[in-house]
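These notes concern the structure reproduced below.
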Amino acid sequence: MEERGRPVDLLITDVVMPGMSGRELARELARRKMIGRTLYMSGYTDDAIVKHGVLEPGIAFIYKPFTVDAVMLKLREVLDGPANQARA
């Protein structure tokens, strides 16, 4: 992203990743003003996701596994909706 010289409209990240969580990644990229919106995904239970600070108002989220149609609908919802409904 930084190589492109401009931010991306949407970051799609898993909640649980090795080294840093998806939430930490999104917050760092938002701090650098490199992303507009964030869509989180996970196959973990609600308890594990809450532990990573994702299931709260203003967070766009989709559970795995998802179909192509489901993720396409979610992407459209996130991109067309208010930015504060897909924050880092």
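For region 58-69, the criterion of a residue being modelled with pLDDT of 90 or more and in a helix (DSSP H, G or I) is satisfied by at least one position. Residue count for region 17-57, restricted to those that are modelled with pLDDT of 85 or more, surrounded by 15 or more Cβ atoms within 10 Å (Cβ to Cβ) and assigned to a loop (DSSP other than H, G, I, E, B): 2.
The values are calculated or read from the model by the stated rules, or taken from the named source; none is laboratory data. As the structure is a prediction and not an experimental result, all values here were calculated from the model. Reconstructed Cβ throughout: ideal geometry from the backbone, glycine too, with neighbour counts over all protein chains shown.
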